[in-house]
């Protein structure tokens, strides 16, 4: 199988993992906040936070989560080193499409210095 998959080992699953990442460094742009810390695992892991306060519909929250997962999946080979990453979606009034999400996430990765 190619390395473009998104395995369970690449996801942040535990509450303690999210709390650890919250104590790390962060970067922000108009759409997202990126929090990250280096990890000692063999791969980077990622988690997403999409607040119900801002996105009432479960359909819109799940769509955003799928969109962000796809952006990460296609760009994870560009990440240098292994990190635990949390992407927090900020309140947005406009619907986010793939190109906007990709541009925002990749720019945050570069701003944080974790991407080439």
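Derivation of every value follows stated rules applied to the coordinates shown; laboratory data play no part. Source: prediction; values computed, not measured. In this analysis, Cβ positions are derived from the backbone assuming ideal geometry, glycine residues included, and neighbour counts consider all displayed protein chains.
For helix 98-112, what angle does its Cα long axis make with the longest principal axis of the chain, in degrees from 0 to 90 and rounded to 10?
Once rounded, one gets 50 degrees.
Based only on Cα atoms, what mean projected area does the convex hull of region 31-112 have, in nm²?
5.2
Give me the number: length gained by fully extending residue 106 to residue 15, i.e. 0.36 nm times residue separation minus the C-alpha to C-alpha distance, one decimal in nm.
Net length gain for the segment: 30.2 nm.
Using the per-residue mean of other Cβ atoms lying within 10 Å as a proxy for protection, in what order, highest first, do the peptides 80-90, 6-16 fall?
80-90, 6-16
Using helices alone, I'd like the mean residue ellipticity at 222 nm for the chain: each DSSP H run of four-plus residues gives -39500 (n - 2.57), total over residue count, nearest 500.
After summing the helix terms and dividing by the residues of the chain, the value is -11500 deg cm²/dmol.
Report relative contact order for the chain in percent, whole number only (criteria: Cα-Cα under 8 Å, sequence separation at least 6).
In percent, rounded to a whole number, it is 34.
Need the full-extension length gain, residue 90 to residue 62, defined as separation in residues times 0.36 nm minus the C-alpha distance. One decimal, nm.
Full extension from residue 90 to residue 62 adds 8.6 nm.
Based only on the alpha carbon positions, what is the Kirkwood hydrodynamic radius of region 59-99, in angstrom?
Answer for region 59-99: a Kirkwood hydrodynamic radius of 11.8 Å.
Does anyone have the angle between helix 58-75 and the longest principal axis of the chain? Alpha-carbon axes, 0 to 90°, nearest 10?
Here the helix axis deviates by roughly 30 degrees.
Of all DSSP beta bridges in region 3-112, what percent run antiparallel (nearest 5)?
About 60 percent, rounded to the nearest 5.
Debye calculation, C-alpha points only, no solvent: report log10 I(q)/I(0) for region 5-75 at q = 0.18 Å⁻¹, in the same order as the q values.
These q points yield log10 I(q)/I(0) values of -0.82.
When the chain is fully extended, how far beyond the present Cα-Cα distance does residue 22 get from residue 70, taking 0.36 nm per residue of separation?
Full-extension gain reported as 15.0 nm.
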